[in-house]
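A quick write-up on the structure given underneath.
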Amino acid sequence: MKDTLTCIIVDDDDLDRIAVESELTAFERIKILGSYTNPIEAINSINALKPDVLFLDIDMPEINGIDFVKSISNLDTINVFITSHPEFALQGFQLKVFDFILKPLETDRFESCIHRIFDFVKLKSKAEAYDVLFDNEKIIFKEGHTVVNLNANEVIYLEAYGDYTKIVTEKKSHLTLATLSNFLESLPAEKFMRIHRSYVVAVNKVKSLGAKNIDMGISAIPIGKTYLKEAKQLLKLN
């Protein structure tokens, strides 16, 4: 795993761009390579310096963040949208953007994103480009030089990381090359439930359900508003 990650910030609003720069000062292991007012201005630096992470606004002059990410899909960057426009969230997730943060930028939310980035990079360094295999409720994949064979009953929850899915068990977390949607299609439907664009939980591992979070015992994870009613019905909770 890299000791230090690099990033570039692109936002046409000076105050919002400075806010991201300020938040990043709390993380010694992330180095800012540049901070730009629009993607056209930033593209040469992005191509030359190949940052690990891009923090991008969406509503920008000349080219918006959505179209810009599409144009650099060949680059292996972790893309994070920081925007005032929640209506673009679905497009962002369809692009497999790593995270979608709403303005005004809040420290706790930004810290959560940064921790997820480092978690992803750490797990990805062990992951190999192997599809996940499913066999009679067994999940089989390769991690480094080791073939991992998990029983579906060991899984507590799944988390989307772009093209990868993080598998969380009581003892360990793994990263596999499979999107969360594809992963979910292969799991027993009565045992797993999607509760957020980025999360799927094992129904029998749920400890309690709140208005905004689900307690999975080892951690609390967010539940999307559109999934809350269905979750209450399936879990038979009021």
Q. Out of curiosity, is LEU105 within 24 Å of LYS166 (Cβ to Cβ), in contact (Cβ under 8 Å) with a residue 40 or more places away in the chain and not in a helix (DSSP H, G or I)?
A. no
(Q) Can you confirm whether GLU21 is outside any helix (DSSP H, G or I) and surrounded by fewer than 17 Cβ atoms within 10 Å (Cβ to Cβ)? (A) no
Q. What residue, of LYS225, LYS229, LYS212, is open to solvent by 50 Å² or more (accessible area, probe 1.4 Å), over 21 Å from the mean Cα position of the chain (by Cα), farther than 12 Å from VAL155 by Cα and of a type outside the set (Phe, Trp, Tyr)?
A. LYS229
Q. If you scan region 65-83, which residues turn out to be part of a loop (DSSP other than H, G, I, E, B) and open to solvent by 70 Å² or more (accessible area, probe 1.4 Å)?
A. SER73, ASN74, ASP76
Q: Could you please find all residues in region 219-238 being in a loop (DSSP other than H, G, I, E, B) and either among the basic types (Lys, Arg) or under 16 Å from SER112 (Cβ atoms) (or both)?
A: SER219, ILE223, GLY224, LYS236
Q.
Scan region 156-176 and tell me whether some residue there is without any contact (Cβ under 8 Å) to a residue 40 or more places away in the chain and assigned to a helix (DSSP H, G or I).
A. no
Q: Go through region 30-46 and give me each residue that's within 23 Å of the chain's Cα centre (by Cα) and either among the polar types (S, T, N, Q) or farther than 17 Å from THR77 by Cβ (or both).
A: SER35
Q: Being aliphatic (A, V, I, L, M) and touching a Pro at 6+ places or on another chain (Cβ under 7 Å) is the filter; apply it to region 1-36 and report the residue that is farthest from ARG109 (Cα to Cα).
A: LEU33
Q) How about region 1-18: which of its residues are in a loop (DSSP other than H, G, I, E, B) and either exposed (fewer than 13 other Cβ atoms within 10 Å of the Cβ) or in contact with a strand residue (DSSP E or B) (Cβ under 6 Å, 6 or more places away or on another chain) (or both)? A) MET1, LYS2, ASP3, THR4
Q: Could you check, for region 137-144, whether at least one of its residues is over 14 Å from LEU177 (Cβ atoms) and either touching a helix residue (DSSP H, G or I) at 6+ places or on another chain (Cβ under 6 Å) or in a loop (DSSP other than H, G, I, E, B) (or both)?
A: yes
Q | Single residue of region 145-186 satisfying the filter (under 19 Å from LEU95 (Cβ atoms) and acidic (Asp, Glu)) that is modelled with the lowest pLDDT | A | ASP163
Q) Any idea how many residues of region 187-203 are surrounded by fewer than 14 Cβ atoms within 10 Å (Cβ to Cβ) and in contact (Cβ under 8 Å) with a residue 40 or more places away in the chain? A) 1
Q) Which members of region 28-58 meet the condition of being in contact (Cβ under 8 Å) with a residue 40 or more places away in the chain, within 18 Å of ASP16 (Cβ to Cβ) and not aliphatic (A, V, I, L, M)? A) PHE55, ASP57
Q. Out of GLU28, GLU62, which single residue is out of contact with any helix residue (DSSP H, G or I) (no Cβ under 9 Å at 6 or more places or on another chain) and surrounded by fewer than 16 Cβ atoms within 10 Å (Cβ to Cβ)?
A. GLU28
(Q) Can you pull out every residue in region 31-49 that is assigned to a helix (DSSP H, G or I), touching a Leu at 6+ places or on another chain (Cβ under 9 Å) and open to solvent by 70 Å² or more (accessible area, probe 1.4 Å)? (A) ASN47, LEU49
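The values are calculated or read from the model by the stated rules, or taken from the named source; none is laboratory data. Since the model is a prediction, treat every value here as computed from it, not as a measurement. When we count neighbours, we look across all protein chains shown, and the Cβ atoms used for this are built from the backbone with ideal geometry, even at glycine. Heavy atoms of the whole protein, side chains included, go into the accessibility calculation; ligands, DNA and RNA do not. Shrake-Rupley method; radii C 1.70, N 1.55, O 1.52, S 1.80 Å.
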